[in-house]
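First up is the structure itself, then whatever we jot down about it.
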Ligand SMILES: Nc1ncnc2c1ncn2[C@@H]1O[C@H](COP(=O)(O)OP(=O)(O)OP(=O)(O)O)[C@@H](O)[C@H]1O
Ligand SMILES: [Mg+2]
């Protein structure tokens, strides 16, 4: 009855022994029996000398170790016995039943007794192993996890609420980890091996995935996963979490609605994409927006949105579609606004040109540590793209394209904040002139390590005040007044 999903023909390396044989084990132990069994509770040995508690703890530890061994053995048997091709057409219920059956046969054969909870846990793990991504499957399902960072099979770090911590989840060994990596990348038609040692992919749930395998990754495969959040943080959430204030939100709303070109700058994982996504909610529903990303993460709420995702080259090195290709094509698609998930290369030129030529209100993110740094990064990217232009001309291009730089930052206590809002006001000689309008001021540190600080206006009135007013956004003068 359970053979539907089992491999047929050929040697069956770990075929569960018939029940009769299992019951006979006590009398005549089978030579081939795997040495991995949590043994059936036997008559208690002679009473040990140490206190009862220590014995219980010791027993518990032994049981846990044996369970771990058992798990590995069962994973192995399952992968050997299941016909993975036939599984594609199985329903979840059928598959779960089949897994439970294989597991219970094996447990019986190995003379292992598990309680209901342990059995359910084990079946779930086995299911994750076959259908999901093995040990990391529970982390992917855990809504509180933002990032999963794997440094070889034995070290999995998890980020929750801005804090990274080592988890107690591990892979069996490097081969196990590689198998899961392979499962992920082959699902998106890619390959990773010694000759292609690193790869980007997107998980079925939309999470962003990057892996680098040995020998380039020295101590075992390195994997980074940015979990996809179905419910993106909205402006209200970000205000509530202290990422910025209501006053700043009013200002940003005016900036986005009046079509300023905005760059969200920040370090890795500082909340750039989240901020960009939240800011996009200020765009009017009637506008046609095109988004371009390497991994589609943005989730715009408007009706008229066209989403594009760049594509890496295939195994033969062909068929790549870069962000720049998408951007160039986007310009022929009559967009009102263009949003590039992250500008990091040659597409910078087309992005600036788009911002300068009638697609105002365009937005992107950039990896930089301050507004000034963001501008230098833009200059560098232009130089790297092989454009030979005098620096003054490059800066003039940037100054007329970009209106606003919003700096996101992950502070040392894990909180993510908009630490600076800076306007680009033009050029002074060869230098781009900027003015900071809002900033986050650190005041001190609580004993717990939490940063004490506050958002403040710098006292500078927005360069775009008149524009805001003309578009019907009357911001009270008080939002620009600093608290002393
Ligand atoms: N203000 C915030 N408060 C709490 N969590 C946040 C905040 N901003 C972002 N996050 C969470 O932090 C994680 C990283 O955010 P996000 O992807 O926006 O960062 P990023 O700067 O775009 O990262 P990367 O450089 O990797 O692209 C996400 O899981 C997001 O939900
Ligand atoms: Mg991002």
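The numbers here are math on the coordinates, done by the rules we state, and not lab data. All values reported here derive from a predicted model rather than from experimental measurement. Please note: Cβ atoms are built from the backbone with ideal geometry, for glycine as well, and neighbour counts cover all protein chains shown.
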> Against the longest alpha carbon principal axis of the chain, how many degrees, from 0 to 90 and to the nearest 10, is the axis of helix 116-131 turned?
Replying inline: 60 degrees
>> Can you show me the helix-derived [θ] at 222 nm for the chain, built from DSSP H runs with n ≥ 4 at -39,500 (n - 2.57) apiece and divided by the number of residues, rounded to the nearest 500.
In response: -10500 deg cm²/dmol
>> Using only the alpha-carbon atoms, how far is helix 391-401 inclined from the longest principal axis of the chain? Give it as 0 to 90 degrees, nearest 10.
In response: 80 degrees
> If you take the beta carbon distance between residue 62 and residue 240 as r and set R0 to 41 Å, what does 1/(1 + (r/R0)^6) give as a FRET efficiency, to the nearest 0.05?
Replying inline: 0.30
>> Only counting other Cβ atoms within 10 Å, I'd like 468, 157 sorted with the fewest neighbours first.
In response: 157, 468
>> Past the 18 angstrom mark, what percentage of all C-alpha to C-alpha distances in segment 92-175 do you count?
In response: 53 percent
> What FRET efficiency would be calculated for the residue pair residue 284, residue 373, taking the C-beta separation as r and a Förster radius of 35 Å, to the nearest 0.05?
Replying inline: 0.65
> So what's the angle, to the nearest 10 degrees on a 0 to 90 scale, between helix 371-384 and the longest Cα principal axis of the chain?
Replying inline: 80 degrees
> Is any residue of segment 378-409 close enough, with backbone N under 18 Å, to a label point placed 7 angstrom from the Cα of residue 250 along the Cα-Cβ axis, and if so, which?
Replying inline: none
> What distance in nm separates the simple spin-label points at residue 144 and residue 309, each placed 7 Å from Cα in the Cβ direction?
Replying inline: 2.9 nm
>> Taking every alpha carbon pair in segment 232-332, what does the distance histogram look like in 10 angstrom bins from 0, in percent?
In response: 14, 40, 31, 12, 3, 0
>> I'd like the antiparallel share, as a percent to the nearest 5, of DSSP beta bridges with both residues in the chain.
In response: 70 percent
> To two decimal places, what compactness ratio does segment 350-411 give when its Cα radius of gyration is scaled by 2.2 N^0.38 Å?
Replying inline: 1.13
>> Taking the number of other C-beta atoms within 10 Å as the exposure measure, put 251, 198 in order starting with the fewest.
In response: 198, 251
>> Just to be sure I understand: of the beta bridges DSSP finds with both ends in segment 48-207, what percent are antiparallel, rounded to 5?
In response: 100 percent
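Given contacts defined as C-alpha pairs under 8 Å and at least six residues apart, what's the relative contact order of the chain, whole-number percent?
Across the chain, relative contact order equals 10 percent.
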> What is the calculated FRET efficiency for residue 186 to residue 484, with r their C-beta to C-beta distance and R₀ = 41 Å, to the nearest 0.05?
Replying inline: 0.10
> Of all the Cα-Cα pairs you can form in the chain, what percent are over 45 Å apart?
Replying inline: 30 percent
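Cα gyration tensor of segment 346-484, axes a ≥ b ≥ c as square roots of the eigenvalues: rounded (a/c below 1.5), prolate (a/b > b/c) or oblate?
Taking the square roots of the gyration eigenvalues as a ≥ b ≥ c, segment 346-484 is oblate.
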